[in-house]
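> The structure under discussion is supplied below as structure tokens; questions concerning it will follow.
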């Protein structure tokens, strides 16, 4: 069965029913309420989301495009859907925002298999609900290839959002968690035909705790790759010498990379889609262990910011689209 | 020059500069401030938008896809960009929300002409700024065809948003403005190769006034076509007999349709992209003239809601995607 065998409105109704099932499942779980901040969901001209007094709205859009960011041959539709949501929510984590909801622009050819469509929708709905950001609206359109355009909305106390700006010479650079697992999974899928199963997690709770940390200067999520995102954080006039022993490698990355004849460090520095938080602190920083305890995640210190140009530059490393 | 001749980051910087020029132009004009509700714009992990205490956030996403919703052969890139924004803002109008800002997911092939890219961006930036909803973020990705995925954000006093729900037998149905001009322009472009120049306007101010009107029951914008959107508003158990003399035809629609051998009424009822507001009132309605004065737009009464099935049904008329 293909999309063209149902109508646009039947497909939307299909997603609405799947969303209701997902909300029902969520209502039996601990964690954010099934509807979260959503006061009007799928099916009207716009969705409505509640914010608290004194909060600003954070909004970001990201996309996964067939044969650019994913291949149906390498990965289950459900996995693709989950990754699309994670990529968006990670931007909210980097701002220190709490998630409110998501809207999704889905484009697909009329020949798309209905099972794939259902899988994409199920993956997006489940991952969004899991993080308290239910999918509350969307748009469905015909196109030559399949793509998912996810807009995430969050809320953050006015003036308290973390931004990329403000880092100076002498600030310390930290990163949460470990790097390279998404890149390894991608290389293994492309070169060995291995199924992509790894879904990184958005560091939402750590981001909210980080935003309240004394001395916090700036934050970004590692989406393009450590080197490229460091370039975004430091700008053209600051630099950081990346010492290999300080870069935290994800589980299995060292061995996996060597089996493929690749440099694990290169994979960790330029791979991307890690969705860890990269941030700078000023003043007397807490010990890495104390910081880890505070954020609820392992934290590594990457070094001290210096004057000079670049950790490779923002354009020279990481993922280029054009 | 093509997109592939610049990098992703150069293209984003190009849009940022264009956005600054647009904001600068707007700051010299009357109307909403140049930055509006945007407290952090393009260039960070997320944008930040201010809402007032007691407001909810309205959000909606819409898309224009090359060769589905537009053709570069028929229309200037600037016109396409403007239409993409109007389509999104019209959803805010239908909720009675005031616009806060927009984020845009732009997908394009690396071979896209840079002039077209600039035109699309300029059209979107100008139209968004004009309505007090500056583009505050976006995403740029490679794809096989060009598409614009626009998410609009608005704010509305809690519990005051208009929805599509609630219409009953006996309610009166009204529509603002006039219908058919977009449909005529599209047919003329497709069949006669005439350039598409018509850009409908989102009824934002009328929507906000309508939301405060005593007796207002439900509202939707006419995007799929009068007959289809009436179907959305009335649902499966209500009907409205559309009397031809009551359907307001846009300027030039009657003559233009006849020149093409088409039925003007059919064009007005199933054409779509009119972006007028279609709404229901209960109780003693004001006279059409008083209503028009109150909303700042002409208003036509289409008739009384009856029990029964349909003004054509929601699936049988209007625009189908699959």
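The values are calculated or read from the model by the stated rules, or taken from the named source; none is laboratory data. Predicted model, so just to flag it, every value in this text is computed and none were measured. Positions of Cβ are backbone-derived with ideal geometry, glycine not excepted, and every protein chain shown enters the neighbour counts.
> Determine which member of the set B:282, B:294 is over 25 Å from the mean Cα position of the chain (by Cα) and under 22 Å from residue B:97 (Cα atoms).
B:282
> Being buried (at least 22 other Cβ atoms within 10 Å of the Cβ), touching a strand residue (DSSP E or B) at 6+ places or on another chain (Cβ under 7 Å) and more than 20 Å from residue A:63 (Cα to Cα) is the filter here, so list the residues in region B:76-86 that pass it.
B:80, B:83
> Turning to a different aspect of this structure: With the structure loaded, tell me whether residue B:156 is in contact (Cβ under 8 Å) with a residue 60 or more places away in the chain, over 26 Å from residue B:40 (Cβ atoms) and over 14 Å from the mean Cα position of the chain (by Cα) or whether it fails that test.
So residue B:156 does not fit the description; no.
> Taking region A:39-61, which residues are facing chain B (nearest Cβ under 7 Å), part of a loop (DSSP other than H, G, I, E, B) and touching a helix residue (DSSP H, G or I) at 6+ places or on another chain (Cβ under 9 Å)?
Answer for region A:39-61, where residues must be facing chain B (nearest Cβ under 7 Å), part of a loop (DSSP other than H, G, I, E, B) and touching a helix residue (DSSP H, G or I) at 6+ places or on another chain (Cβ under 9 Å): A:44, A:45, A:46.
> In this structure, is residue B:122 in a helix (DSSP H, G or I) and touching a strand residue (DSSP E or B) at 6+ places or on another chain (Cβ under 6 Å)?
no
> Still on this structure: Working carefully through the options A:108, A:97, find the one that is surrounded by 24 or more Cβ atoms within 10 Å (Cβ to Cβ), facing chain B (nearest Cβ under 9 Å) and out of contact with any helix residue (DSSP H, G or I) (no Cβ under 7 Å at 6 or more places or on another chain).
Among A:108, A:97, only A:97 is surrounded by 24 or more Cβ atoms within 10 Å (Cβ to Cβ), facing chain B (nearest Cβ under 9 Å) and out of contact with any helix residue (DSSP H, G or I) (no Cβ under 7 Å at 6 or more places or on another chain).
> Filter region A:1-16 down to the residues that are surrounded by fewer than 14 Cβ atoms within 10 Å (Cβ to Cβ), in a helix (DSSP H, G or I) and in contact (Cβ under 8 Å) with a residue 60 or more places away in the chain and list them by number.
Answer for region A:1-16, where residues must be surrounded by fewer than 14 Cβ atoms within 10 Å (Cβ to Cβ), in a helix (DSSP H, G or I) and in contact (Cβ under 8 Å) with a residue 60 or more places away in the chain: just A:5.
> Which residue out of A:36, A:81, A:88 is in a loop (DSSP other than H, G, I, E, B) and either within 30 Å of residue A:164 (Cβ to Cβ) or within 8 Å of chain B (Cβ to nearest Cβ) (or both)?
Of A:36, A:81, A:88, the one residue that is in a loop (DSSP other than H, G, I, E, B) and either within 30 Å of residue A:164 (Cβ to Cβ) or within 8 Å of chain B (Cβ to nearest Cβ) (or both) is A:36.
> Quick one: is residue A:74 more than 8 Å from chain B (Cβ to nearest Cβ), within 21 Å of residue A:186 (Cβ to Cβ) and modelled with pLDDT under 95?
When the stated conditions are applied, residue A:74 passes them.
> Residue by residue through region A:238-266, note down the ones that are over 13 Å from residue A:302 (Cα atoms) and assigned to a loop (DSSP other than H, G, I, E, B).
Once the filter is applied, which keeps residues that are over 13 Å from residue A:302 (Cα atoms) and assigned to a loop (DSSP other than H, G, I, E, B), region A:238-266 yields A:250, A:251, A:252, A:260, A:261, A:262, A:263.
> Take the residues in region B:141-161 that are in a loop (DSSP other than H, G, I, E, B) and at the interface with another protein chain (Cβ under 7 Å from one of its Cβ atoms); name whichever of them is farthest from residue B:71 (Cα to Cα).
Ranking the candidates gives B:161 first.
> Also, quick follow-up: Only one of (1) surrounded by fewer than 24 Cβ atoms within 10 Å (Cβ to Cβ); (2) over 20 Å from the mean Cα position of the chain (by Cα); (3) in contact (Cβ under 8 Å) with a residue 12 or more places away in the chain; (4) part of a strand (DSSP E or B) fails for residue B:64. Which number is that?
(2)
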